[in-house]
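Worksheet: one structure, shown below.
The values are calculated or read from the model by the stated rules, or taken from the named source; none is laboratory data. Note that the coordinates shown come from a computational prediction; the quantities given were computed from them, not determined experimentally. Note that we place each Cβ from the backbone using ideal geometry, even for glycine, and neighbour counts take in every protein chain shown. The area values use the complete protein model at the heavy-atom level, side chains included, leaving out ligands, DNA and RNA. Shrake-Rupley method; radii C 1.70, N 1.55, O 1.52, S 1.80 Å.
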Amino acid sequence: MTEQIQPIRGMSDILPADTALWQQIESVIQRILAAYGYREIRIPLVERTELFRRSIGEVTDIVEKEMYTFNDRNDVSLTLRPEATAGIVRAGISNGLLHNQRQKLWCAGPMFRYEKPQKGRYRQFHQLDVEALGYTGPDIDAELIIMSQRIWQELGIEDVCLQINSLGTPESRAVYKDSLTAYFNRHLDALDADSRNRLQRNPLRILDSKNPDMRALIDAAPTITDTLDAESAAHFEALRTLLDDAGIACQVNPRLVRGLDYYSRTVFEWVTDRLGAQGAVCSGGRYDGLVEHMGGRKTPAVGWAIGMDRLVELYRLSGGALPGGQSDVYIVAVGDEALRAAFRIAEGLRDEYPNLRVETNCGGGSFKSQMKRADRSGAVVALILGEEEVAGKTVNVKLLREKSEQRRVAWDDVCKVIGDAIGDD
Ligand code: ATP
Ligand code: MG
């Protein structure tokens, strides 16, 4: 036998048994985003490497070790997008969407990071990303968080809690960086190699360390709250009032700094303890400096991204309803004339009920084997056609999920009978 080609580690197929669940979640989210005035933007999966280096920042896990970077045939360095914000900002600038305008955008799709694959952490994973550009907040910051809360609520997800923090302005953060540098310098011996490297280049990123041995030292470090500037403190206060009004409980976590360099003021993360070590389901924050840093005019901005793979898993764990099998109505047809009638009836049903999933038995088979397929398809109703039924222009209707006699119905009445049996949505 010819050798099989293996899939790539950390990149999985989402199989038909699962895509219905994904689509169900995506449609709930998209409806909510539209209700808040967000519109979809679709950006390339690949950008110039420089875009991510500059926007995400050199001293980040993503840029240091997680990017899929390669040269194209013209020796231009390209990178598979590890996140969406950089590309959206680039698209906003390239297409003149940001100057004197405000944008509420969302973008969904695969992202790529060369990470150690494990439960909840993959090399190709999926994000749903939302960005509000041109808004200074804190009102929009609050609205974005309220919008995410509505998503959990409508999906019936209860085990998530909100952590928030303020990173202040670049100026006030510089003061904090100094006190943090002094603190970690006093504890150099306790730092791991990664953190020592970060101490030189961006000490804030030490707080983001995932090494459990660093936990105690990080917990005792000075907090950013002590050095927050007055305006950022007022912004933070107003945000918390609006969240409070909306009944959203949050936990202020002064260690929350997020992985990316370009954040300012508000940062937040929705976390759960139901997914093991990979607890962040949605993370976001304000990045007022980024657009200018990327060559556009100064534009305030805030956004978040949901890790869809984690959300789907959480939805499943929360008992989220799984859509049924692949069809609602299965048409069993034994013989050539029966098949022709089956095709006509199926098209009539699809005309009448655009949301009904109708499957006509293809590939022949005995009555018994077709009935087995009907059962496996998840259909609620089987329509059965044989020689006798065709001769009388009738069809036998059998309810597959409850005990009842099958009954003979004239072709003209099939639509109505199906409507009564399944509901005419
Ligand atoms: P983490 O701390 O888990 O590495 P992050 O800070 O790198 O997350 P972001 O860059 O903010 O994450 O991405 C937003 C969301 O995308 C995360 O909250 C998470 O749900 C999801 N996510 C990030 N990386 C992965 C991955 N490799 N596989 C699956 N989901 C991911
Ligand atoms: Mg990460």
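Take Arg297 and tell me if it is within 16 Å of ligand 2 (Cβ to nearest atom), surrounded by fewer than 23 Cβ atoms within 10 Å (Cβ to Cβ) and under 29 Å from Gln101 (Cα atoms). Answer is no for this residue.
Do we find that Gly279 is modelled with pLDDT under 95, small (Gly, Ala, Ser), farther than 16 Å from Pro170 by Cα and open to solvent by less than 50 Å² (accessible area, probe 1.4 Å) in this structure? Here the answer is yes, as Gly279 does meet what is asked.
May I ask you to verify whether Arg316 is open to solvent by 80 Å² or more (accessible area, probe 1.4 Å) and without any contact (Cβ under 8 Å) to a residue 60 or more places away in the chain? In short, no. Scanning the range 29-81 for residues that are touching a residue at least 40 places away in the same chain (Cβ under 8 Å), within 16 Å of ligand 2 (Cβ to nearest atom) and either within 20 Å of His293 (Cβ to Cβ) or under 20 Å from the mean Cα position of the chain (by Cα) (or both) yields Ser55, Ile56, Gly57, Glu58, Val59, Thr60, Asp61, Ile62, Glu66, Met67. Answer yes if at least one residue in the range 13-31 is acidic (Asp, Glu), more than 27 Å from Lys104 (Cα to Cα) and touching a helix residue (DSSP H, G or I) at 6+ places or on another chain (Cβ under 8 Å), and no otherwise. Within the range 13-31, one or more residues are acidic (Asp, Glu), more than 27 Å from Lys104 (Cα to Cα) and touching a helix residue (DSSP H, G or I) at 6+ places or on another chain (Cβ under 8 Å).
The number of residues in the range 274-313 being in contact with a helix residue (DSSP H, G or I) (Cβ under 8 Å, 6 or more places away or on another chain), in contact (Cβ under 8 Å) with a residue 60 or more places away in the chain and farther than 19 Å from Ser264 by Cα comes to 8.
Can you find a residue in the range 65-78 that is of a type in the set (A, V, I, L, M), surrounded by 14 or more Cβ atoms within 10 Å (Cβ to Cβ), at pLDDT below 95 and within 16 Å of Phe125 (Cβ to Cβ)? No - not one qualifying residue is present in the range 65-78.
Annotation: of all residues in the range 103-123 being away from ligand 2 (no atom under 14 Å from the Cβ) and in contact with a Phe, Trp or Tyr (Cβ under 6 Å, 6 or more places away or on another chain), the one that is nearest to Gly289 (Cα to Cα) is Lys104. Say whether the condition of being in a loop (DSSP other than H, G, I, E, B), within 16 Å of ligand 2 (Cβ to nearest atom) and hydrophobic (A, V, I, L, M, F, W, C) is met by at least one residue in the range 194-210. No, because not a single residue in the range 194-210 is in a loop (DSSP other than H, G, I, E, B), within 16 Å of ligand 2 (Cβ to nearest atom) and hydrophobic (A, V, I, L, M, F, W, C).
So if I check each of Leu51, Leu33, which one is of a type outside the set (Ser, Thr, Tyr), closer than 13 Å to Ala86 by Cα and at pLDDT 95 or above? Within the list Leu51, Leu33, the selection yields Leu51. Residue count for the range 304-344, restricted to those that are in a strand (DSSP E or B) and more than 14 Å from Val281 (Cα to Cα): 5.
Among the residues of the range 131-178, write down those that are small (Gly, Ala, Ser), assigned to a helix (DSSP H, G or I) and buried (at least 16 other Cβ atoms within 10 Å of the Cβ).
Once the filter is applied, which keeps residues that are small (Gly, Ala, Ser), assigned to a helix (DSSP H, G or I) and buried (at least 16 other Cβ atoms within 10 Å of the Cβ), the range 131-178 yields Ala142, Ser148, Ser172.
What do you reckon, is Tyr353 at pLDDT 95 or above, more than 12 Å from ligand 1 (Cβ to nearest atom) and open to solvent by less than 40 Å² (accessible area, probe 1.4 Å)? Criteria not met by Tyr353.
Among the residues of the range 85-124, those identified as in a loop (DSSP other than H, G, I, E, B), on the phi > 0 side of the Ramachandran plot and more than 11 Å from ligand 1 (Cβ to nearest atom) are Gly96, Asn100.
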